[in-house]
Ligand code: BES
Ligand code: MN
Ligand code: MN
């Protein structure tokens, strides 16, 4: 639509400046040191919602960080789109690997560098700007509700209750989320599924205190050695996960579904080169796209114990620790997998050590339909602005609340993401391409338009 493009072009610089201002707020949800900044960010998001034309917007307190909710009701008889996103970000460390400050956004080579540039401030802000475009040009063809939370990166533990308590307020026909990636600007795509997550922490205890590794070494089980052995045994020679019962519920795809998945444009050499690895790694019998899209995984996220300071200290440590996450696929259940892992991990511990396993947050996998009116509206919107039909893909990441939208509110979701896999989300030098930001703002109004044409 001409009016949208004109309005966007006339306000381009401001649209960018406003995003940069938002990126300057270090809204790190995991670190209590930033609690005030998280709250400040919520206020800023609320102000932007009002400026974009929301009839009302509010910062809703929770037991953790606040949720920002706004809405513009054009006509209760029209369909309603519930936009979801998050204004919280991951911690920025390791700081020394950033080329510029994580909360001092810079634009270089057409890319915005900052923590949250892509995940998810840049992407959720496209929806606020798209709402501004539609309301200022009097072209909004449906009702819009926007819910932007501040705890996605720490497991959304208070959002589930918010959904339960606010079913009426959140009443809608579809959930629209931009917090995923697409293949490339040349190949627009829509993720039609996300993996679930089970996140564990393990503690292995050997002797009752740290020991001299000469005096006692060789006579007592070293918990770090043991932990490494236990972790190594969690994959077999084919890189299958050995946790008993782990694959019992895994849904196998049909040959046709697997073929469709592997038909997506993908260059294995380019993929490996870009990551700086000579060869990819993974479960035997599956391609890389299958390994990240439709297969469950188990990875150590962190491991520590003993002496890690400067120089050498000869010590046989008393304890060793690791954080281990598992990505889940339909129909695995996060709680069940946590239990299976706990039992398995306890069962493989030798008698010389004690293990303690605890579960952190989790989330359920989701698959979104690709034959629905909403999916077709998203596909048509991308076709309109990219000139190409989008390819359905499966995303490897997790957004735990999506499963609850369906379970609690009875709502399906469309994952209209504009990030790229190499945007360095959760990493140093996170970036979001300026063109992706503007393409998102351009595309979103078309979703609303086509979705309203029931
Ligand atoms: N936006 C990501 C998830 C994502 C990224 C999905 C790219 C698909 C493609 C989200 O913010 C995220 O990082 N989720 C966490 C889970 C959460 C419980 C910490 C994840 O996937 O690790
Ligand atoms: Mn995200
Ligand atoms: Mn994230």
Say whether the condition of being crowded, with 23+ Cβ neighbours inside 10 Å, under 22 Å from residue 293 (Cβ atoms) and touching a residue at least 40 places away in the same chain (Cβ under 8 Å) is met by at least one residue in the stretch 344-362.
no
Check on residue 167, assigned by TED's automatic domain parsing to the domain that holds residue 373, out of contact with any helix residue (DSSP H, G or I) (no Cβ under 9 Å at 6 or more places or on another chain) and more than 27 Å from residue 282 (Cβ to Cβ)
no
Residue 138 is checked against (1) within 16 Å of ligand 3 (Cβ to nearest atom); (2) without any contact (Cβ under 8 Å) to a residue 40 or more places away in the chain and fails just one. What number does that condition carry?
(1)
Matching residues in the stretch 137-167 - criterion: being more than 26 Å from residue 408 (Cα to Cα) and surrounded by 16 or more Cβ atoms within 10 Å (Cβ to Cβ)
137, 140, 141
Somewhere in the stretch 87-98, is a residue in contact (Cβ under 8 Å) with a residue 12 or more places away in the chain, out of contact with any strand residue (DSSP E or B) (no Cβ under 6 Å at 6 or more places or on another chain), closer than 20 Å to residue 18 by Cα and assigned to a loop (DSSP other than H, G, I, E, B)?
yes
Matching option when the condition is part of a loop (DSSP other than H, G, I, E, B) and either away from ligand 1 (no atom under 16 Å from the Cβ) or within 21 Å of the chain's Cα centre (by Cα) (or both), among 78, 22:
78
Could we say that residue 153 is part of a loop (DSSP other than H, G, I, E, B) and either within 13 Å of ligand 1 (Cβ to nearest atom) or within 25 Å of residue 61 (Cβ to Cβ) (or both) here?
no
I need the full set of residues from the stretch 86-102 which are within 16 Å of ligand 3 (Cβ to nearest atom) and either outside the structural domain of residue 123 (by TED's automatic domain parsing) or surrounded by 15 or more Cβ atoms within 10 Å (Cβ to Cβ) (or both), in order please.
86, 87, 88, 89, 90, 91, 92, 102
Do you know which residues across the stretch 340-376 are assigned to a helix (DSSP H, G or I) and over 23 Å from residue 406 (Cβ atoms)?
340, 341, 342, 343, 344, 345, 346, 347
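The values are calculated or read from the model by the stated rules, or taken from the named source; none is laboratory data. Not measured: the values here are computed from a predicted model. When we count neighbours, we look across all protein chains shown, and the Cβ atoms used for this are built from the backbone with ideal geometry, even at glycine.
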